[in-house]
Amino acid sequence: MKYKTFLLFGSPGSGKGTQGLILGRVPGYFHCSCGDVFRSVDLTSDIGKEFMEYSSHGSLVPDDVTIKLWQTSIKGKELTRNFKTEADFLILDGIPRNVEQARYLDNELDVLLVFHLVCPDKKKLMERLKKRAIKDNRHDDANEEVIKHRLKVYEDESKPVLDFYGRDKVININAEQRPDQVLNDILHYTTKLTPASSGEPKNYTT
C-alpha cells in the first residue's frame, strides 16, 4: 500500500522544516524530515555503515543509499506505531531532492499534493539561512558563497521535481508570509482531502 503523502517543497530557507514540525503535531499527520533521518541513522547497522562510507569522506550520499536510509527509518516508525499508515498522512520534507529520488519513491508514495513554498526575495532567503546557521551552530552555512551554491543546486537539481509530479498537483504557497499564515494556506488544501471532509470519521488509534 502506498503512503498517502503531502510533499513540502522549496528552496533552502523557504520554511519547509518549520511547517513540517508544526503539521507533525497535528493528529492525522506524520512528519518525516530527510535531515532527521540522516542525523538519527544507526551507524552500526549495514545501511549506516554504507552511509558512513560516503559521508566520512565528504562525498555525496548516492540516491539509492538515501532512499534505503529513508525506507529503514519509515518502516521503523511504522513498527513502533508512531506512524499509523491507516490513519495518518505522511508529510515529507527534504526528500525527494531530485528527479531520480522521486522515481525511486514512485512505488511507495501516493503523492496527493506538492506544497511549493515560494520565496522570490533572494535577500530574504539569505537572511533566513544566515540566522538559521547561527541558531543551529552551522557557521559554514552562514557564508554567502555557500548559500548561493545551495540555492543554485536547488534550482538545477531539485526544482525539476515539480515537473515530475505535474503542475496539477503543485500548490504554490507564498512563503514570505508569517508561518501561521503559511500553515493556514496549506491546511486549506489538506483538509479537503482528509476523510473527515467527506463526512467519514478519522481513525486516530493510540
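With the requirement that a residue be touching a residue at least 24 places away in the same chain (Cβ under 8 Å), surrounded by 15 or more Cβ atoms within 10 Å (Cβ to Cβ) and in a helix (DSSP H, G or I), what does the range 110-133 give you? Of everything in the range 110-133, those that are touching a residue at least 24 places away in the same chain (Cβ under 8 Å), surrounded by 15 or more Cβ atoms within 10 Å (Cβ to Cβ) and in a helix (DSSP H, G or I) turn out to be LEU125, MET126, ARG128, LEU129, ARG132. For ILE147, the test of being at pLDDT 95 or above and either buried (at least 16 other Cβ atoms within 10 Å of the Cβ) or more than 21 Å from GLY13 (Cα to Cα) (or both) is failed. Of the helices (runs of 4 or more DSSP H) lying entirely inside the range 11-109, those containing at least 2 residues that are in contact (Cβ under 8 Å) with a residue 24 or more places away in the chain and in contact with a Leu (Cβ under 6 Å, 6 or more places away or on another chain) are 16-24.
Inside the range 78-109, can you point out the residues that are surrounded by fewer than 17 Cβ atoms within 10 Å (Cβ to Cβ) and under 19 Å from PRO27 (Cβ atoms)? Once the filter is applied, which keeps residues that are surrounded by fewer than 17 Cβ atoms within 10 Å (Cβ to Cβ) and under 19 Å from PRO27 (Cβ atoms), the range 78-109 yields GLU78, THR80, ARG81, ASN82, LYS84, THR85, GLU86, ALA87.
Set side by side, the residues ASP156, ASP185 differ, and just one is of a type in the set (D, E, K, R) and buried (at least 17 other Cβ atoms within 10 Å of the Cβ), which is ASP185. Being on the phi < 0 side of the Ramachandran plot and at pLDDT below 95 is a property that LEU92 lacks.
The values are calculated or read from the model by the stated rules, or taken from the named source; none is laboratory data. Note that the structure is predicted; figures quoted are calculated from it, not measured. Neighbour counts are summed over all protein chains in view; Cβ atoms, including those assigned to glycine, are modelled from backbone coordinates with ideal geometry.
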